[in-house]
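Trainee: After the structure tokens below, expect a handful of questions from me.
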Amino acid sequence: MATDTHATPNLSRYFVPAPSAWPFCLTIALILTVYGVSGYLEDRAIPTTALICAGAALGIFIIFSWFRGVAMESEHGMYNEQVSRTYRWGMSWFIFSEVMFFAAFFGALFYARTLSVEWLGGAGEKGFITNSILWPHFDAAWPTNGPGHVGGAFEIVSPWKLPLVNTCLLLTSSVTITMAHHALKAAHRRACILWMLVTIALGATFLYCQATEYMEAYKELNLTLGSGVYGSTFFMLTGFHGLHVTLGTIMMISITGRLLFGHFKPESHFGFEGVAWYWHFVDVVWVGLFIFVYIL
Amino acid sequence: MAHAHDDAHGHDDHAHGPDKGIMRWIKTTNHKDLGTLYLFFSFTMFFIGGLMSLVIRAELFQPGLQFVDPELFNQFTTMHALVMIFGGVMPGFVGLANWMVPMMIGCSDLALPRVNNWGFWLLPFAFTMLLSTFFLPGGAPAGGWTIYPPLVLQTGNSFPLLIFAIHLMGISSITGAINVVVTILNMRAPGMTLLKMPLFVWTWLITAYLLIAVMPVLAGAVTMLLTDKYFGTSFFNAAGGGDPVMFEHIFWFFGHPEVYIMILPAFGIISSIIPTFARKPLFGYASMVYAVASIAFLSFIVWAHHMFTVGIPLAGELFFMFSTMLIAVPTGVKVFNWIATMWKGSMTYETPMLFAIAFVFLFSIGGFSGLSLALAPVDFQYHNTYFVVAHFHYVLVPGAVFSIIAAIYYWIPKWTGRMYNEAAGKWHFWLSSIFINVTFFPQHFLGLAGMPRRIPDYAVQFTDFNMVSTVGAFGFFISQFIFIFNILACCYGWFGRQRNATAQVWEGATGLEWSVPSPAPYHTFEDPPLVGDDGMPVHGNAAAHAH
């Protein structure tokens, strides 16, 4: 694709930003935060709460300012077609890296279900020895919290209650954000804003349902992060997904704000599209979760 | 071409020269500034990691415990590896990509300059945090750089800092990789088609894909370690249904492509240098590209050859053994092509070429010992011995590190506008080449005789080879001061004006980077040149368009 676009020389200049202190400050914010968190985890005598709060506040302020600056550059027409392509490629590969992050946790889930639990239950020659010497009473099954019954007996979340509702919410939200996109391309700004508000509401409702489900799991089902490998994979996968939904919702709120300020044009609105791609990605991950974590 | 844009100059006049003082380096969005920062950071890390290796070698000079207690020894082996891999080799290659990729494909800067700045500045902070763990109660991480559970979960206060440092390095690598991919796909000058790109650009494109694919997996793996230690998860706990071996699978799914992340850019550098000094075009250009792509693909399906002794099923051992041996085919294509490029060339032996030839020869030795290790039954014998240490140091030191050194000798006239001292360069080359073999060749024998790695003491029959190895390590380290002298002399002009470099620098050099003056202007190609079939600008000297 890139080769074709270069067939006719594009002579307009590429936008090279002025020197900026935001990236350096963002690093400082990150370091303060993780240093605080590590002190908290190890009970070290450092002001952990202050470090975490300072880092997080600084980080949020910088991300807001940095993105506002980028939005302003865009609105002032500093970006040409080539810069727009850069953002498209950049966002695509960023989403791919996120896919690989989830792949690690899905990999852990599949490995546990098809290999480690089976071996603990006595499958294979090495599994036979492990099982007969260490845990002769353990039978492989899924869900499980392992031969040590780590975390105690638990029940699983039924996929046909809140998770099904959540699936409907997210799938619908993918449709509504596409409606918003079509409205933006047709220069129907008010319709676009309305569809975006619907999408944000769906995302927020999803998060509410997810929080409710977690509370039920902890209080009524005794399903916790510590419930063996089932609890680990369940909460880490759905938890990281939930974090991404939260981030996606914040991103949608910010582009809706930009729509209200009159940003974006029908023919050029990458900020909007990038958020929409991210939202679809979050949606696809959920479908994977619904099938492999909840149903199967 | 330049006049067409006079009206556009208003908003970016500030971009014509760097700021002054420290703020220039903190705020810079310039690929050359950031390339320089990356390279100096990489040298600092090589120096620190090198000092750690000297402690290790000093301790191993003779049997018994002399200088450090075993706990501290383990901290040094672990941190030596982390510092060298994530702080030395990888940032070194990113620094070279920063400098050279925009100049080689004819664009003004990397595609995302502010993100580039962020990617760099994460590193000094991440490594300061990591190195600070030496001073915490319990000391630095000591479970080996592969951070296998359950051992690594016994790490004390430094454990979360280790995990978060790896997260930050991962963010840095991913942002850097996305930047390189986007730059190469989107910013090539008109006429610079994919199959006209220099091999260094090609190898970095493929390396960047590897980074984007595997660094998030490492992030996932270390996150699971963190939650296993502090939040009660059971990913690597058999009692909870998990499996410590699962960590090894996830880690090496990252770890094996990581090995190629550290060598593919080296292939690109060598493929640039050898044609220049053989005064012949690279033999088999297209096959070089396909070979690199094949190696990158295969790197995803060989990971369990690091785990032949953990008890994976026989079918797995066979699959991973044969897939690993398959990598020898594209690698062989590359070595063959380098030699065929030199065949009947009109060769001269300037310092970069000497390092490149040494790379071909010594990297192949490391490749052959890798092939021996790929054989599962042989690996049962060699696993965790000094044979493995000898193998990966042969591919990393006379491989990756020699290629970085060669690249710096090759391109530093372009960067600084001054030639390095050739005599000092030759001394540096011969001392480095001799001492590196003195250091690592005896380790093959130690490993075959059964000396285990990561142990501060050993049986007396291993003494002679260990003494030789230690002498080599100190010699290699000291030899590098010649290199530092040569670099600083170029940077600060200690040799006077008669050492100024021409635009082309090397008689046989071709490519866009040699069409601009030395030193290259702060913004090289603000207006993209039109690239001809020979990879050079069509309108004569493209420097006319550079400001």
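Trainee: Would you work out the charge dipole size for chain B about its Cα centre, treating the Cβ of every Lys and Arg as +1 and the Cβ of every Asp and Glu as -1, and quote it to the nearest 20 debye?
Mentor: About 700 debye.
Trainee: What is the magnitude of the charge dipole of the protein assembly as shown about its Cα centre, with +1 placed on the Cβ of each Lys and Arg, -1 on the Cβ of each Asp and Glu, and no other charges, expressed in debye to the nearest 20?
Mentor: 1140
Trainee: OK, next. If you average the sequence gap of Cα pairs under 8 Å that are 6 or more apart and divide by the length of the range B:29-95, what percent do you get for the contact order?
Mentor: Once normalised by length, the contact order is 56 percent.
Trainee: Continuing with this model, one more query. Excluding residues fewer than 8 places away in the same chain, name every one of the aspartates and glutamates whose C-alpha is closer than 18 Å to that of A:Lys265.
Mentor: Within reach: A:Glu73, A:Glu75, A:Glu81, A:Glu273.
Trainee: Shifting gears a bit: Calculated from DSSP H runs of 4 or more alone, at -39500 (n - 2.57) each and per residue, what is the 222 nm mean residue ellipticity of the protein assembly as shown, nearest 500?
Mentor: Here the helix-only value at 222 nm equals -22000 deg cm²/dmol.
Trainee: Give me a comma-separated list of calculated 3J(HN,Hα) values for the range A:152-163, in order, Karplus coefficients 6.51, -1.76, 1.60 applied at θ = phi - 60°, integers in Hz, x for any Gly or Pro.
Mentor: x, 4, 8, 10, 9, 6, 6, x, 8, 10, 4, x
Trainee: Right, another one. Give the lysines reachable from A:Lys126 as a straight Cα distance under 20 Å; neighbours fewer than 8 places away on the same chain don't count.
Mentor: Result set, ordered by chain and number: empty.
Trainee: In a shell of Cβ-Cβ distance under 15 Å around B:Asp243, excluding B:Asp243 itself, what net charge do Lys and Arg (+1) and Asp and Glu (-1) give?
Mentor: That works out to -1.
Trainee: Pull up all non-local amide H partners of B:Arg418: gap of 5 or more, or a different chain, and H-to-H distance under 5 Å with H placed in the peptide plane.
Mentor: B:Ala501
Trainee: Further question: By its C-alpha gyration tensor, with a ≥ b ≥ c as the square roots of the eigenvalues, how is the protein assembly as shown shaped: rounded for a/c under 1.5, else prolate for a/b larger than b/c, else oblate?
Mentor: oblate
Trainee: Take every Cα pair under 8 Å in chain B that's 6+ residues apart, average their separations, divide by the length, and report that relative contact order as a whole percent.
Mentor: Computed over chain B, the figure is 17 percent.
Trainee: Given a Förster distance of 22 angstrom, what is the FRET efficiency for B:Phe47 paired with B:Ser132, based on the Cβ-Cβ distance and rounded to 0.05?
Mentor: For B:Phe47 and B:Ser132, the calculated efficiency is 0.80.
Trainee: What's the local net charge at A:Val70, with K and R +1, D and E -1, over the other residues with C-beta under 13 Å away?
Mentor: Value of the local net charge: +1.
Trainee: What are the ³J(HN,Hα) values, in whole Hz, obtained from phi via the Karplus relation 6.51 cos²θ - 1.76 cosθ + 1.60 with θ = phi - 60°, for each residue of the range A:58-74 in sequence order, with x given for Gly and Pro?
Mentor: Per-residue couplings from phi come out as 4, x, 5, 4, 5, 4, 4, 5, 4, 5, 4, x, 4, 4, 5, 4, 5 Hz.
Trainee: Partner chain Cβ atoms within 10 Å, averaged over the residues of A:150-159 - can you pull that number for me?
Mentor: Mean shielding by partner chains, rounded to a whole number: 1.
Trainee: Less than 13 Å Cβ to Cβ from B:Ser271, Lys/Arg counted +1 and Asp/Glu -1: what total charge do the surrounding residues give?
Mentor: Local net charge: +2.
Trainee: I've got another one for you. Given axes a ≥ b ≥ c from the Cα gyration tensor, I'd like to know whether the range B:300-357 is rounded (a/c under 1.5), prolate (a/b larger than b/c) or oblate.
Mentor: Prolate shape, in that a/c is at least 1.5 and a/b is the bigger ratio.
Trainee: At a Cα cut-off below 21 Å, give the lysines reachable from B:Lys20, other chains included and same-chain residues fewer than 8 away excluded.
Mentor: Straight-distance partners of B:Lys20: B:Lys32.
Trainee: While we're here: Charges on Cβ only, +1 for Lys and Arg, -1 for Asp and Glu, centred on the Cα centroid of the range B:409-483; of B:Ile412, B:Val460, B:Phe435, which one is farthest towards the dipole's positive end?
Mentor: Checking the options against the dipole of the range B:409-483, the answer is B:Ile412.
Trainee: Output wanted: per-residue J couplings in Hz (rounded whole) for the range B:254-266, from phi through Karplus 6.51 cos²θ - 1.76 cosθ + 1.60, θ = phi - 60°, x for Gly and Pro.
Mentor: Whole-Hz 3J(HN,Hα) from phi for the range B:254-266: 6, x, 6, x, 4, 4, 7, 4, 8, 10, 4, x, 4.
Coordinate-derived values only; no laboratory data. Model, not experiment: these values are computed from the prediction. FYI the Cβ positions are ideal-geometry reconstructions off the backbone, even for glycines, and counts take in every protein chain you see.
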